[in-house]
1. For the range 202-304, what number results from the quotient of the Cα radius of gyration and 2.2 N^0.38 Å?
2. From the Cα gyration tensor of the range 429-477, with a ≥ b ≥ c the square roots of its eigenvalues, which class applies: rounded if a/c is under 1.5, or else prolate if a/b is larger than b/c, or else oblate?
3. Sort the range 85-165 into rounded, prolate or oblate with this rule: let a ≥ b ≥ c be the square roots of the eigenvalues of the Cα gyration tensor; rounded if a/c is under 1.5, and if a/c is not under 1.5, prolate when a/b is larger than b/c, oblate otherwise.
4. Report, in debye and to the nearest 20, how large the dipole of the range 171-282 comes out about its Cα centre when Lys and Arg carry +1 and Asp and Glu carry -1 on their Cβ.
5. For K472, list the aspartates and glutamates whose Cα falls under 19 Å from its own Cα; do not include residues on the same chain fewer than 8 positions away.
6. Taking every pair of alpha-carbon atoms in the range 381-437, give the share separated by more than 18 Å as a whole percent.
7. With 10 Å bins from zero, work out the P(r) of the range 38-88 over every alpha carbon pair and list the percent per bin.
8. Express as a percent, rounded to the nearest 5, the fraction of DSSP beta bridges in the chain (both residues included) that run antiparallel.
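The values are calculated or read from the model by the stated rules, or taken from the named source; none is laboratory data. Fair warning: this is a prediction, and the values are worked out from it, not measured in the lab. Neighbour counts run over all protein chains shown; Cβ positions are idealised from the backbone, glycine included. Calculation scope for accessible area: heavy atoms of the full protein, side chains included, ligands and nucleic acids excluded. Shrake-Rupley method; radii C 1.70, N 1.55, O 1.52, S 1.80 Å.
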Amino acid sequence: MAKNFDVAVIGAGPGGYVAAIRAAQLGLSVVCIDAWKNAQGKPSLGGTCLNVGCIPSKALLESSENFERAHHKFADHGINVTGISLDMPKLLARKQKIVDTFTTGIALLFKKNKVASMHGHGRFVGAGPDGYQIEIAGDGAPETIAAKHVVIATGSLPRPMPGVTVDNKVVCDNIGALSFAEVPKRLGVIGAGVIGVEMGSVWRRLGAEVTILEALPSFLAAADEQVAKEAFRQFTGPLGLKIYTGAKVASVTPAENSVTVEYADREGTRHVAEFDRLVVAIGRVPNTAGLNVDSVGLKLDARGYVEVDGTCRTNLPNVFAIGDAVRGPMLAHKSSEEGVAVAETIAGQSGHINLDTIPWVIYTAPEIAWVGRTEQELKAAGIAYRSGQFPFIASGRARAIGETAGFVKMLACAETDRILGVHIIGPFASELISEAVVAMEFGATSEDIARIVHAHPSLSEALHEAALGVDKRSLNL
Ligand code: FAD
Ligand code: NAD
């Protein structure tokens, strides 16, 4: 006989595991089904984010940044370090320990919140009086459960590149790029998106010569143009990444321990480059192919995303979908917030998610973060705005920590002064952006931020000054 639940969540990434915990907190009986296995073949909760995404990449970014600091920045502080060397096994083990702590932590959170956890691939097999039937194919015989409500949180997979086979040894996606046993001498990256610049930064700082090939003529097209321009300057200057935009890759030919990439530059001139390792990071696609959607009539769009409305409801009653499997940015915090909203909706509350105030962060050095609209979006929409900007070079705290590149830019409605967007490139942009998110959620004006006391000396003063700048009354510029 099938086990019955109020809620079945398919996928235990940051969307699914959070949805499961919140639903259980609200008194519902919940099962969370997840298929992920780690490199040792063991079930590992947390999805892409914890296993091969946000967390391991940030661990490597921090280690490589420290290596860079020891080499090039400590001396400025009068700290002379000699004999710096890299212990790659230790660096990778540190990353893995952080991952394992969090993935096993989710199992404990499930226990604490009485979420039933089932390992295996879940797929719809029908619907009946007890709700939707889901078959779970794990290591043993398949099991079928029934649930009144279903939350699809199956996440995403790397977008395959036609004609390119990823072996995660020489030609890699994000999984291989997080685990090179040695620093490749020459690393090629296809795609100058978020993964391309983050992973490119890691291996460049650890000693690789990194070449990034981007198909679009522009760089970081989703970011504010001024931020993208400054980022390009920093990444190709002090960091030393080679970034070629407008590059059309014609072929990728792997060998035993190297790979040849043929591409045409923006003028159409043909180039042949050889790399020791290649990372392909050209975007991600929703992971919905194995759900057997036809058995219940669940609608996917032409690109494979589960079709949902503004509250994450699908075309089927009591079936919701969240995170990377649906429209909107592919970000862990967006998945989690949708998970909470959906769990609260199922429990009869009014779940809420505002896609207009989702912060974006790129964890390069300098960091990049933004929320709301870019200047080019406002221009295209014909919205009149005022802009205030403050460079970190004029910030006492930025000078003290020795990270003076970049700026904060605030965009506010010309008529109402409401903040429409905040764009930061600079130290701890990932943390600074929160103030802007809170301000925008509360419908703040630039004058509100200008009137708020900011601690001195702190990086947050740059946001304060940018707000003052909207009214052309910066005090320290
Ligand atoms: P996922 O995390 O992909 O989880 C889905 C889970 O469902 C997986 O465990 C999968 O195995 C399982 N699953 C799929 N189908 C089935 C099925 N049929 N049955 C059972 N289980 C199934 N985002 C950020 O916000 N910040 C970052 O710094 C960041 N860094 C990233 C770095 C990298 C290298 C990558 C690749 C991504 C990064 N992201 C980051 C994006 C972030 O990882 C995703 O947005 C997030 O993981 C999506 O969460 P999710 O729960 O929707 O899906
Ligand atoms: P992306 O969409 O950020 O960037 C992909 C890049 O590849 C784009 O610039 C695109 O123009 C380019 N491209 C596409 N096809 C190409 C081709 N044939 N040749 C050359 N370039 C090509 O995707 P990503 O870097 O793979 O990352 C996937 C997603 O994961 C991100 O969009 C983001 O949602 C998430 N992510 C987030 C973070 C973070 O929040 N810090 C970090 C990593 C990943």
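1. Rounded to two decimals, the normalised Rg is 1.42.
2. In terms of gyration-tensor shape, oblate.
3. Oblate shape, in that a/c is at least 1.5 and b/c is the bigger or equal ratio.
4. In total the dipole reaches around 180 debye.
5. E375, E415, D417, E447, D448, E461
6. Percent of Cα pairs beyond 18 Å in the range 381-437: 38.
7. Taking every Cα pair in the range 38-88, the percentages come to 21, 34, 23, 16, 6.
8. 60
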